[in-house]
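Structure record follows, encoded as structure tokens.
The values are calculated or read from the model by the stated rules, or taken from the named source; none is laboratory data. What you are looking at is a predicted structure, and each value in this text was computed from that prediction instead of being measured. Ligands, DNA and RNA are excluded from the accessible area calculation, which covers all protein heavy atoms including side chains. Shrake-Rupley method; radii C 1.70, N 1.55, O 1.52, S 1.80 Å.
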Amino acid sequence: MTSSLRTTLPTLFALLLGYALMQVGNTLQGTLLSVRGSIEQFTPTEIGAVGSAFWGGIVIGSLYAGRVIKQVGHTRAFSALAAVAASAVLLHLLVISPAVWIGARALTGFCFAGLFIVVESWLNASATPQTRGQVLSVYGMTGLIAGIGGQMLLPLGDPHSYRLFCFVAILISLALVPTALSRANAPVHAVSNTTINLMQLYRQSPFGVVAAVLCGITTSSFFALGPVWAQERGLDTLEVAIFMACGTLGGFATTYPLGWLSDRMDRRHVIIGTSAMAASILLVLIHFVPLDGPTWLVFAYVTIFGGSVIPTYSIVTAHVNDMVQPDEFVAAAGGLLILLGIGATIGPLIAGMTMTEFGRFGLLYLVIVTQSIMAIWGAYRSIQRAAPPTEAKESFVPEPTIPVGTRLEAH
């Protein structure tokens, strides 16, 4: 760790702590709603719609929440959005209805987009050009660790009762405290007014555009309906929590090794390999692991799966940065985040419908198809265009998996 980073991080600690608390509550809520939805006899399609609503709210919030921040400032916007998000959690308890849950989850997504914009833009303004990439790495890894922690809180309460919903509301409310008391100076500008041209981005990186959508479909489908799949396989509440945490843990373990590898070879080849691995591991899970097989084997497979798919979006972003000019990094990142959000919005809907039609294996079939398409598309594009030379490539930096309207510029 450089001396400049050691100087910056204490100032940013409060922001990162608030972000971690938000992510703990966010991941716990996502898994809890899937589990509770099954208990309330929601269909997989309805549970998928609830998951899609969150990502739809994230996309809308990433485009419009910045206006709220510009009008009232970072601290006030953060406080208001966190209060609304905490209140929305309790709506799921007051009215047990798919329609109400969809609306409440979309509202939560909108609020979380604004919350992440506040944190990211504040971090960006506080970091120096020398430390920005390192701060982004800490930010991304903080999100993954918080995600694991959020999943593991699920066994602390009975999903049938109100207790876990209260935990989520408390965690989101507590996220207000370190941010409100932070000594870090709020940035003057909330979000850069960067023009995003998706058609131009496609011309610059056809593989990156398609891969970003496929990443969104895969990750959102897993996190929205993975708990339902685990329940239908016969896992209890603790095992469901471990199952979901293992997926995130796998991503945490492989993010830097795969990023390091992608810096030294064609990034598309790394993505082709991880996509093929993800599809293969799910095929093995379907055909060679019986329903009465050992639970630890399921945990091992989902860890490998998470390690294959979670780092992919960061590698896709690095690949696109290799293809665009330095002054286009922000616009390219914004375009990729929108594409990721679009995929994340439609993913749980499709996954829910396939599970309704084909049972619990419907989720796995969708992910296998998605990952296979990514591998095939990557192989095709590798033939069509050579990779940039190693010395011309941008360094890999782990990206947050939540699509929001700003990012930390590592360049």
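Data table
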item: Percentage relative contact order, the chain, counting C-alpha pairs under 8 Å, at least six apart; result: 29
item: Integer Hz, Karplus 6.51/-1.76/1.60 couplings in order for segment 258-274, x for Gly and Pro; result: 5, x, 4, 5, 5, 6, 10, 8, 4, 4, 4, 5, 5, 5, 4, x, 5
item: Selected from Trp101, Trp260, Trp55 as most flexible by GNM, with the chain as the system and alpha-carbon contacts under 10 Å; result: Trp260
item: Å² per residue, accessible surface of segment 47-174 at 1.4 Å; result: 36
item: Listed candidates (i) 1.39; (ii) 0.92; (iii) 1.06 - label of the one calculated as Cα Rg over 2.2 N^0.38 Å; result: (ii)
item: Candidates Gln204, Gln384, Gln151, ranked by Gaussian network fluctuation over the chain, Cα under 10 Å, top entry; result: Gln384
item: Accessible heavy-atom area order of Asp292, Asp322, highest first, probe of 1.4 Å; result: Asp292, Asp322
item: Heavy-atom accessible area order for Tyr139, Tyr301, largest first, 1.4 Å probe; result: Tyr301, Tyr139
item: Solvent-accessible surface (1.4 angstrom probe) belonging to His319, in square angstrom, nearest 10; result: 10
item: In Å, descending, principal axis extents of the Cα set of segment 299-344; result: 43, 21, 10
item: Heavy-atom accessible area ranking, 1.4 Å probe, most first, across Leu156, Leu364, Leu93; result: Leu156, Leu93, Leu364
